[in-house]
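Participant: Quick one: the structure is below, questions incoming.
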Amino acid sequence: MHKVSLAAKEMRESVYWLGLVQRANLAPQYEIPPLLREAGELVAILMSSAKTAGSDESR
């Protein structure tokens with residue numbers, strides 16, 4: 001479970017940095033939204049997995 005939580009934290013950080021790249025115009029503007037969307041989806045998946053793993057450990 002710890003590794004999944006760590007992966008979720010790292011993905012949230014990636015979302016943060018992608019947002020900075022977008023605001024600073026460091027990449028073509030058409031490239032960033034799909035990356036942000038995918039990163040957000042991965043965060044949701046990882047958070048859900050961490051929550052499920054946490055509830056399984058308590059059994």
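Only the coordinates and a few stated rules stand behind these numbers; no lab work does. Quick caveat, the model's predicted, so the values are computed rather than measured. Reconstructed Cβ throughout: ideal geometry from the backbone, glycine too, with neighbour counts over all protein chains shown.
Participant: Could you please find all residues in region 38-59 being free of Cβ contacts under 8 Å to residues at least 12 places away in the same chain, surrounded by 12 or more Cβ atoms within 10 Å (Cβ to Cβ) and not small (Gly, Ala, Ser)?
Facilitator: Passing the criteria: Glu38, Ile45, Lys51, Thr52.
Participant: Look at Leu6 and say whether it is assigned to a helix (DSSP H, G or I), under 18 Å from the mean Cα position of the chain (by Cα) and surrounded by 15 or more Cβ atoms within 10 Å (Cβ to Cβ).
Facilitator: For Leu6, the condition - assigned to a helix (DSSP H, G or I), under 18 Å from the mean Cα position of the chain (by Cα) and surrounded by 15 or more Cβ atoms within 10 Å (Cβ to Cβ) - is not met.
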